[in-house]
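The values are calculated or read from the model by the stated rules, or taken from the named source; none is laboratory data. Bear in mind that the values here come from a model prediction, so they are computed numbers and not experimental data. A quick note on method: Cβ atoms are made from the backbone with ideal geometry, for glycine too, and the neighbour counts reach across all protein chains shown.
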Amino acid sequence: MRILLLGGGGREHAIAWALSRSPLVEEIHCAPGNAGIAGLAIVHDIDLTDQKNGVDLAIRLSPDLVVVGPEAPLVAGMADSLRERGFPVFGPGASGARLEGSKAFSKLFMTRHGIPTADFDICETVGQSEAALAKRSPPYIVKADGLAAGKGAFILGSLLEARDICINLLEKKFLGESGRKVIIEDFLPGEELTVLAVTDGSTFRLLPSSQDHKRAFDGDRGPNTGGMGAYSPVTWADETFLQRVSEQVVGPTVRGLASDSIPFRGVLYCGLMVDKSGGMRVLEYNVRMGDPETQVVLPAFGGDFAALAMSSANGRLDDISPHSSTQFSVGVVMASGGYPADYEKGFPIFGLEKTAAKDGVIVFHSGTAVDSAGKTVTSGGRVLTVVGTGCDIAAARNRAYSALEDIRFEGSFFRRDIALGKGVDHLE
């Protein structure tokens, strides 16, 4: 197969890596790609914010499969435009992508189809938000309705802070159209994890579970980020637990989409909160793979991801047998100094060649580029995800952190407690 992969972050590097390992795949193209992806695929420097660019590239390349990585093109209808021209696409159309593109839509969908989630109110005015907040106690959960590049969810310790956020979103248009509505919901205590399901709209297959670490610094301190590391699978999410996820969340979601006449071929990301008694609720849906979760889920998966994606895109997922995780993986993000606030770019990255020679280690590029001298340099806040694999969490973690010692760039930092403590052991 010739595959076209759209996107250019760490998630797409991991997808390209997984696709490249399939005996079905002869050639991978990626747009816009990054310095790491260029080692696995032919990269095309195009701007995906203009949907026409992606469609024109597909017409020129005639791929057997198009994989759409990021959420923004999916919400904008990229998969629909590609399917209209006859391309098999791994990724939902705009109607299915509303599960991520509108939190109000997804909450109403869950309510309609009996999928467990936190109680909520949808607010379009500051007055409505005041009434919704008055019904609750801290911590307050406020979410912008639309896509906000990971900046639209707020956990707030005081009523004053919650009111200010609602005013900023609803009146001051802090996030533009994304904050035209806000969702105020009950706080859910417990352990958070992610379960990804690949579906063709009727059948689904689960990928390994994962848990990421959002705060910038050790001990879950500091500002929220896009994710500073992750591990897979979650040790306490055993087969019995995953069967419950299938029965209570994924199955009802797939059937609900079908009953609402919403076609969905791609990845369904279920962000779950599990309480001490084992009860689960859906925090959010995404309609694509996560970052940095993808970087640990695909190495843990160990199956033929290209076959899985192609079967989903062609509506033939029944042809693919369920596949159990074969190993554990731990990924640690190396970030630019200052991230998630302001940071500098263009610093050379040293040690990548040495790391590439290590067994059980994979380095996925997120924010990298190649400068005029041909050197790999930093170009983003989250620069690399260094992944270790092994027979258990401890072995995978040791490999990841050992490899991190060989890589350096100016101002780099990373958390030293990924896959330690909270969330790794069984729920009490």
Considering residues that are in contact with a strand residue (DSSP E or B) (Cβ under 8 Å, 6 or more places away or on another chain) and either closer than 17 Å to residue 198 by Cα or surrounded by fewer than 17 Cβ atoms within 10 Å (Cβ to Cβ) (or both), the number found within the range 232-274 is 21
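Would you pick out the residues in the range 1-32 that are outside any strand (DSSP E or B) and farther than 11 Å from residue 69 by Cα?
1, 17, 18, 19, 20, 21, 22, 23, 24, 25, 26
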Among the residues of the range 64-83, are any without any contact (Cβ under 8 Å) to a residue 12 or more places away in the chain and under 18 Å from residue 314 (Cα atoms)?
yes
### Message
Take residue 56 and tell me if it is surrounded by fewer than 21 Cβ atoms within 10 Å (Cβ to Cβ) and either in contact with a Leu (Cβ under 7 Å, 6 or more places away or on another chain) or assigned to a loop (DSSP other than H, G, I, E, B) (or both).
### Response
no
Does the range 19-33 contain any residue that is at pLDDT below 95 and among the hydrophobic types (A, V, I, L, M, F, W, C)? no
The condition from (1) surrounded by fewer than 15 Cβ atoms within 10 Å (Cβ to Cβ); (2) touching a residue at least 40 places away in the same chain (Cβ under 8 Å); (3) closer than 22 Å to residue 392 by Cα that residue 167 misses is numbered (3)
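Quick one: would you say residue 256 is more than 26 Å from residue 213 (Cβ to Cβ), of a type outside the set (Lys, Arg), touching a His at 6+ places or on another chain (Cβ under 7 Å) and in contact (Cβ under 8 Å) with a residue 12 or more places away in the chain? Please lay out each step first, then the result.
Working: more than 26 Å from residue 213 (Cβ to Cβ): yes; of a type outside the set (Lys, Arg): yes; touching a His at 6+ places or on another chain (Cβ under 7 Å): yes; in contact (Cβ under 8 Å) with a residue 12 or more places away in the chain: yes.
It is true that residue 256 is more than 26 Å from residue 213 (Cβ to Cβ), of a type outside the set (Lys, Arg), touching a His at 6+ places or on another chain (Cβ under 7 Å) and in contact (Cβ under 8 Å) with a residue 12 or more places away in the chain.
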Among helices (runs of 4 or more DSSP H) entirely inside the range 96-173, those with 2 or more residues being in contact with a strand residue (DSSP E or B) (Cβ under 8 Å, 6 or more places away or on another chain) and closer than 17 Å to residue 268 by Cα are 103-112
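A quick yes/no check of all residues on (1) modelled with pLDDT under 95; (2) under 23 Å from residue 107 (Cα atoms); (3) of a type in the set (Val, Ile, Thr):
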residue	(1), (2), (3)
201	no, yes, no
225	yes, no, yes
230	no, no, no
237	yes, no, no
245	no, yes, yes
250	no, yes, yes
Residue 27 passes all but one of the listed conditions (1) in contact with a Lys or Arg (Cβ under 6 Å, 6 or more places away or on another chain); (2) in contact (Cβ under 8 Å) with a residue 40 or more places away in the chain; (3) charged (D, E, K, R); the exception is number (2)
| Would the range 295-306 turn up any residue that is modelled with pLDDT of 95 or more, in contact with a Gly (Cβ under 6 Å, 6 or more places away or on another chain) and crowded, with 20+ Cβ neighbours inside 10 Å? | yes
Counting only residues in the range 59-70 that are under 11 Å from residue 6 (Cβ atoms) and within 21 Å of the chain's Cα centre (by Cα), the one surrounded by the fewest Cβ atoms within 10 Å (Cβ to Cβ) is identified as 70
Within the range 109-137, of all residues that are surrounded by 15 or more Cβ atoms within 10 Å (Cβ to Cβ) and of a type in the set (Gly, Ala, Ser), the one farthest from residue 177 (Cα to Cα) is 118
Those residues of the range 371-408 which are buried (at least 19 other Cβ atoms within 10 Å of the Cβ), assigned to a strand (DSSP E or B) and either modelled with pLDDT under 95 or not hydrophobic (A, V, I, L, M, F, W, C) (or both) amount to 376, 378, 382, 385, 388, 389
Those residues of the range 333-370 which are touching a residue at least 12 places away in the same chain (Cβ under 8 Å), under 20 Å from residue 227 (Cβ atoms) and loosely packed, with under 15 Cβ neighbours inside 10 Å amount to 338, 341, 345
For the range 359-389, the count of residues that are at positive phi and in contact with a Gly (Cβ under 9 Å, 6 or more places away or on another chain) equals 1
Expected single match for farther than 21 Å from residue 258 by Cβ, buried (at least 22 other Cβ atoms within 10 Å of the Cβ) and not assigned by TED's automatic domain parsing to the domain that holds residue 178 among 97, 76, 41 is 41
Filtering the range 289-303 for residues that are touching a Lys or Arg at 6+ places or on another chain (Cβ under 8 Å) and either of a type in the set (Ser, Thr, Tyr) or assigned to a loop (DSSP other than H, G, I, E, B) (or both) leaves a count of 5
Matching residues in the range 174-194 (modelled with pLDDT of 95 or more, over 17 Å from residue 102 (Cβ atoms) and in contact with a helix residue (DSSP H, G or I) (Cβ under 8 Å, 6 or more places away or on another chain)) number 1
All-but-one check, residue 221 against (1) touching a residue at least 12 places away in the same chain (Cβ under 8 Å); (2) closer than 28 Å to residue 382 by Cβ; (3) not acidic (Asp, Glu), failing number (1)
